[in-house]
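Okay, so here's the structure we're looking at.
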């Protein structure tokens, strides 16, 4: 039950970030590959929390965003030609 709540919270935060970026036509702050499993995403967040105990006073949603954006930074999908 605890993992289900954790997974649901993480998915909610991730979906909220994606929705906000889309609605505001803003630059993405994270880019999670489609082949990454929910278990991997949970592991990334829990590792971040264990590695950064000094941040545990911050809002949980913000910590999820920090963890995911560090592990899955936005990719530059634009093709650049020679300068």
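Each reported figure results from applying straightforward, stated rules to the coordinates on display, with no laboratory input. Since we're looking at a predicted model, the values are computed, not measured. A quick note on method: Cβ atoms are made from the backbone with ideal geometry, for glycine too, and the neighbour counts reach across all protein chains shown.
With each run of n ≥ 4 DSSP H residues scored as -39500 (n - 2.57), what mean residue ellipticity at 222 nm is computed for the chain after dividing by its residue count and rounding to the nearest 500 deg cm²/dmol?
After summing the helix terms and dividing by the residues of the chain, the value is -19500 deg cm²/dmol.
Out of 11, 36, 64, any idea which swings most in a Gaussian network model of the chain, alpha carbons joined below 10 Å?
Per the Cα network of the chain with a 10 Å cutoff, 36 tops the list.
Nearest 0.05, what FRET efficiency do residue 56 and residue 32 give at R0 = 25 Å with Cβ-Cβ as r?
Here the calculated transfer efficiency is 0.60.
Translational D (Stokes-Einstein, µm²/s) of segment 2-71 at 37 °C and 0.692 mPa s when Rh comes from the Kirkwood sum over C-alpha pairs?
The estimated diffusion coefficient comes to 262 µm²/s.
May I ask you to compute the full-extension gain from residue 7 to residue 70, defined as 0.36 nm times their residue separation minus their alpha-carbon distance, rounded to one decimal in nm?
Length difference between fully extended and current span is 20.9 nm.
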